[in-house]
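Student: Handing you this structure, nothing more for now.
What follows draws every value from the coordinates through simple rules; no lab data is involved. Quick caveat: nothing in here was measured; it's all calculated off a predicted structure. No Cβ is skipped: glycine too gets one built from the backbone with ideal geometry, and neighbour counts run over all protein chains shown.
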């Protein structure tokens, strides 16, 4: 495959980078811990998993959106609480893709030679404000004056517009959308870190309260608290630390317009198409080589569009892929077998890192009863910020 | 300290913030002024001809700041929509409401409330018209209405 401009991956100019440590907190309503305590849960686990001394970490990047928690500078309190001092550090924001943006920053730190060991931490604590305030803060994530000030758009409303267009174009139904939620809860029930660990039925999903028609409560990811962390190391260091390094083979990043009115269409996300094309090019793979994927299912329609935008099927065939069971374990391309954003929870800054933790577990063969057969040893994460305002696609692999 | 039923103990912060922004519109005030007279205008780049909505003084295509105001038009066709039933905290007294993206004959798209329609009446292709409105607080805004 030809290389595409704006890609990060195996390049002769950069060093190889591997994930050598992973950590993940329990997701959910975490009123039992402060922001820094919640970050510590995944940071300690990742450091211990890597088998390193915390003082070896040279760069810590925090992915967090904030404003629903009291801290104005989340990276500094997290660093202090976890004992990181004199490290290169920043908080990065790319809406719901902030976690992947943090991983990209840590990747660059190692790949460029700035660090031998760097960490990316994804952290969000959304339940310190009431739910309608959290909905408002997310709704302001588009173009404020032209979409929010007078029209009160919400995160659900944006995706509902895509759902209506997809239904109109391809005959997608509300029941089809509910099937995504049923799948998410099926796997969430097997994930002890998930916010919701109960199976649901199509009937239950369809009878839930309408949030923004046609999307209902069970089409939507919840308001969540949680953290996830990864330790990245250079090739030389990674080989000393572990027998099971998970290599970052390619990262594709993309974006789209702030205003919905400026989008070309509403049946897919242009940023997802572009970011995946870049990631595939960097990793020198095609979508058919991916064994397991975590896709951004902030709403059920988003998962169906992701199948299509990432090339797991043709545009308009996402529902068929789902109904045929091809995105379940045993299918052609299992997606979100950790429960996805829908059932695992969606602490927005943590989500991208959480996806990378899950795919790392799958590629290491440590996913237990949720383990997917990984014959190519290749996994993918697809993390969208806002309504396709940002997109990061990261390709991970067991082989360098 | 407060301890609700089964919730862990928290400190309910005594410090509150009331956030209300002053949004600069000096480069696009003509849009809002004109809206008060019931007219819809937007910006056109005099160098490359790009017409933008929302209006912007600086051209996103050629980066020229040489813009002029042109008629936006009001007739539109519905592209997609939703019915917002769970509204954000600052809209709790305004909801529920329909929001649509409509496309104008010149290809520009506009996002706005649709007033006076039911969900069953709305679908892609339905004819809409933009109308100027004044909010209860006296601020100009705009909405689509279905053309029956």
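Student: Given (1) within 12 Å of another protein chain (Cβ to nearest Cβ); (2) touching a residue at least 12 places away in the same chain (Cβ under 8 Å); (3) surrounded by fewer than 19 Cβ atoms within 10 Å (Cβ to Cβ), identify the lone condition not met by residue B:135.
Tutor: Of (1) within 12 Å of another protein chain (Cβ to nearest Cβ); (2) touching a residue at least 12 places away in the same chain (Cβ under 8 Å); (3) surrounded by fewer than 19 Cβ atoms within 10 Å (Cβ to Cβ), only one is false for residue B:135: (2).
Student: Residues that are within 28 Å of residue A:157 (Cβ to Cβ) and within 14 Å of chain A (Cβ to nearest Cβ): find the strands (runs of 3 or more DSSP E) completely inside the range B:49-104 holding 1 or more of those.
Tutor: Qualifying strands (runs of 3 or more DSSP E): B:75-84, B:97-103.
Student: Here's something else I'd like to know. Collect the residues in the range A:38-78 that are part of a loop (DSSP other than H, G, I, E, B) and crowded, with 22+ Cβ neighbours inside 10 Å, keeping them in residue-number order.
Tutor: Answer for the range A:38-78, where residues must be part of a loop (DSSP other than H, G, I, E, B) and crowded, with 22+ Cβ neighbours inside 10 Å: A:57, A:64, A:65, A:66.
Student: With the requirement that a residue be within 14 Å of chain B (Cβ to nearest Cβ), closer than 30 Å to residue B:106 by Cα and not in a loop (DSSP other than H, G, I, E, B), what does the range A:255-306 give you?
Tutor: Once the filter is applied, which keeps residues that are within 14 Å of chain B (Cβ to nearest Cβ), closer than 30 Å to residue B:106 by Cα and not in a loop (DSSP other than H, G, I, E, B), the range A:255-306 yields A:255, A:260, A:261, A:262, A:301, A:305.
Student: What number goes with the only condition from (1) in a strand (DSSP E or B); (2) within 20 Å of residue A:258 (Cβ to Cβ); (3) more than 9 Å from every other protein chain (Cβ to nearest Cβ) that residue B:110 does not pass?
Tutor: Just one mismatch for residue B:110, condition (3).
Student: I'd like to know if the range A:281-291 contains one or more residues that are buried (at least 24 other Cβ atoms within 10 Å of the Cβ) and out of contact with any strand residue (DSSP E or B) (no Cβ under 6 Å at 6 or more places or on another chain).
Tutor: So far as the range A:281-291 goes, no, none of its residues is buried (at least 24 other Cβ atoms within 10 Å of the Cβ) and out of contact with any strand residue (DSSP E or B) (no Cβ under 6 Å at 6 or more places or on another chain).
Student: Further question: Which of the residues that make up the range A:136-156 are surrounded by 24 or more Cβ atoms within 10 Å (Cβ to Cβ), within 8 Å of chain B (Cβ to nearest Cβ) and not in a loop (DSSP other than H, G, I, E, B)?
Tutor: If the condition is that a residue be surrounded by 24 or more Cβ atoms within 10 Å (Cβ to Cβ), within 8 Å of chain B (Cβ to nearest Cβ) and not in a loop (DSSP other than H, G, I, E, B), then A:139, A:147, A:156 are the ones that fit.
Student: For the range A:342-350, check the following and say yes or no: at least one residue is surrounded by fewer than 24 Cβ atoms within 10 Å (Cβ to Cβ) and under 27 Å from residue A:205 (Cα atoms).
Tutor: Taking every residue of the range A:342-350 in turn, none turns out to be surrounded by fewer than 24 Cβ atoms within 10 Å (Cβ to Cβ) and under 27 Å from residue A:205 (Cα atoms).
Student: How many residues does the range A:157-171 hold that are at the interface with chain B (Cβ under 7 Å from one of its Cβ atoms) and under 26 Å from the mean Cα position of the chain (by Cα)?
Tutor: Total meeting the criteria: 5.
Student: Please find, within the range B:39-48, the residue that is nearest to the other protein chains (Cβ to nearest Cβ) out of those that are in a loop (DSSP other than H, G, I, E, B) and farther than 24 Å from residue B:148 by Cβ.
Tutor: So, considering only residues that are in a loop (DSSP other than H, G, I, E, B) and farther than 24 Å from residue B:148 by Cβ, the one nearest to the other protein chains (Cβ to nearest Cβ) is B:48.
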